[in-house]
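Just below is one structure, and these are the notes that go with it.
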Amino acid sequence: MAYRCLKDRLKTGSKPCNIARYHDYVRVASASGSIRVPLASPNVIGIVNSRGNRSHQEDFYSFATLSLNPEELRQSVKKALGVDWDPNLVSDIYARQVLYVGIYDGHGGSAVAQYLRQELHGLFESVNKTMIPELYGWIKEIGGYFKRFKGGAITPWIDGTNKEELTLEARATLTFFEADKILSADNSAQTSGATSSVALLQSLDSPSTPFFSAKRLAVTVAHCGDTRVLLCSTRDGSAFPMTETHHADSHVESIRLRRMMGSSLITDSYGESRWMGALANTRCLGDLRYKRFGITPEPEVRARLLEGEEWAFMVLVSDGISSILSDDEIVDLARGASNPKTAADRILSFTEELGGDDNSTAIIVPLLGWGKIRGPDKTKDLREYRRRQAVGTERQRRM
């Protein structure tokens, strides 16, 4: 796949390209001005990424601090969370600051997942409502399932007359569809695809604070497929899922597909349900040849207001981990770690101990309650039992 920069690619269209403002650090206000804290620090975001025993790496990730319109952010938190946030209480540079963390799990090759790693955060920042009428025309041309598609979160802007700012839900929907439109120019995206979960963290504090020390934090998750996003509570260490797996037999997807497409769910020889007998995930980017049959890049978007020290961290994982570990095991493994990178390493190490050999990614984003989880490690005994079972199985295999 040819990875042209977003600016050059959009120059070829009818609309001008916005100048990218995203960066790889978060600005922190201080008495002497502004401090730049690198996102790649293991104390700021912890990441582990392994190929496992597979011949190719199809798991990728990205992170950046975006610069978004404060009025758009104000309207988004008002609509999604019922929160009156005044961006004028902080300087413009902090009012625009939003952390973006994305995890992408490819299938049928790494082309689409690599494209998302390089481009999706920039695209998320640069899309605008003037692109929606043309994009919607392209969506309708796909036909099949999309003949009946009304636009979802971007519906109010389809006719090009709505002057209101986008919401984050609309921006995410526009971004995911626009990514598919760009990918349609590359033949590899016909048979290659990627699931995707994107988390957006916006501090609502005044004076401004970074995401890891914010007392009021708006979290928005845009999600397609079976990558997973969890919050860990400090109250008892419980996992709170921000995503639902988009398989054809899941509650959300079975309703959507039956309403729009009837049923084409086939169980393969391993007992796994696959849409049209081919795809495990019914929402993803890429896999363009299946789009007219109900495979959609339209993200499911959820938002939550995090207050005080009620949450310790957010974790994003690919299915190389979530297919082996439960939500509670994932957060229990991360609790008590000295830093986010160590927490991510623990999750991967235990997955591999249990025989996990798939591409695997874990991302830990610390929140204000980092290191303050109360209550017992609920899965400790279970994990020890599973470890002994795995060791015994491995011994028998070698005999």
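Arrange the peptides 143-151, 206-214 so that the one whose residues have, on average, the most other Cβ atoms within 10 Å appears first.
Per-residue mean Cβ counts within 10 Å order the peptides as 206-214, 143-151.
Could you name the aspartates and glutamates in cross-link range of Lys163, using Cα to Cα under 19 Å and dropping any fewer than eight places away on the same chain?
Glu71, Glu72, Glu125, Glu134
Ranking Phe60, Phe176, Phe240 by Cβ neighbours within 10 Å, fewest first, what do you get?
Lowest to highest Cβ neighbour count: Phe240, Phe60, Phe176.
For the residue pair Glu134 and Ser41, what label-to-label distance in nm results when each label sits 7 Å from Cα along the Cα-to-beta-carbon direction?
4.1
Report ³J(HN,Hα) in whole Hz for each residue of region 376-393, in order, from the Karplus equation J = 6.51 cos²θ - 1.76 cosθ + 1.60 where θ = phi - 60°; Gly and Pro get x.
In residue order, the calculated couplings are x, 6, 6, 9, 4, 5, 4, 5, 5, 4, 5, 5, 4, 4, 5, 5, x, 4 Hz.
For a quick protection proxy, order the peptides 374-382, 301-309, 66-74, 119-127 by their average other-Cβ count within 10 Å, most packed first.
Descending mean neighbour count gives 119-127, 66-74, 301-309, 374-382.
Could you give the length gained by full extension between Ser213 and Asn88, i.e. 0.36 nm per residue of separation minus their alpha carbon distance, to one decimal place?
Extending this stretch completely gives an extra 43.0 nm.
What are the residues whose amide H is under 5 Å from the amide H of Asp358, where those residues sit 5 or more places off or on another chain and H is modelled from the backbone?
Correct list: Asn53.
Taking the simple approach of a point 7 Å from Cα along Cα-to-Cβ for both Glu394 and Leu382, what is their distance in nm?
Distance between label points: 2.2 nm.
Consider just the alpha-carbon atoms of the chain and return their Rg together with their Dmax, both in angstrom.
Rg, Dmax (Cα atoms, Å): 21.1, 71.
What 222 nm value per residue comes from the helices of the chain, counting each DSSP H run with n ≥ 4 as -39,500 (n - 2.57) and dividing by all residues, nearest 500 deg cm²/dmol?
For the chain, the value works out to -9000 deg cm²/dmol.
Given a Förster distance of 22 Å, report the FRET efficiency between Lys79 and Arg21 from their Cβ-Cβ distance, rounded to the nearest 0.05.
Approximately 0.40, to the nearest 0.05.
Would you kindly derive the ³J(HN,Hα) couplings of region 225-231 from the backbone phi angles with the Karplus curve 6.51 cos²θ - 1.76 cosθ + 1.60 (θ = phi - 60°), listing them in order in whole Hz, with x for Gly and Pro?
x, 10, 5, 9, 10, 10, 10
Can you give the local net charge around Ala95? Use residues other than it whose beta-carbon is closer than 10 angstrom to its beta-carbon, Lys and Arg +1, Asp and Glu -1.
Local charge sum for Ala95: -1.
Please compare each pair in Lys78/Lys372; Lys129/Lys150; Lys150/Lys181 to a cut-off of 27 Å on the Cα-Cα distance and tell me which ones are over it.
Cα-Cα > 27 Å for Lys78/Lys372; rest within.
If each of His56 and Val252 carries a label point 7 Å out from its Cα toward its Cβ, how far apart are those two points in nm?
2.7
Highest GNM mean-square fluctuation, the chain, Cα pairs closer than 10 Å: which of Ala337, Ala64, Ala199?
Taking springs between Cα atoms under 10 Å, the residue moving most is Ala337.
Which whole-Hz ³J(HN,Hα) couplings does region 164-169 yield from phi under the Karplus relation 6.51 cos²θ - 1.76 cosθ + 1.60, θ = phi - 60°, glycine and proline marked x?
5, 6, 5, 8, 4, 5
Read the figures in this text as sums done on the coordinates, not as results from a lab. What you see is a predicted model; the values in this text were computed from it and never measured. Neighbour counts are summed over all protein chains in view; Cβ atoms, including those assigned to glycine, are modelled from backbone coordinates with ideal geometry.
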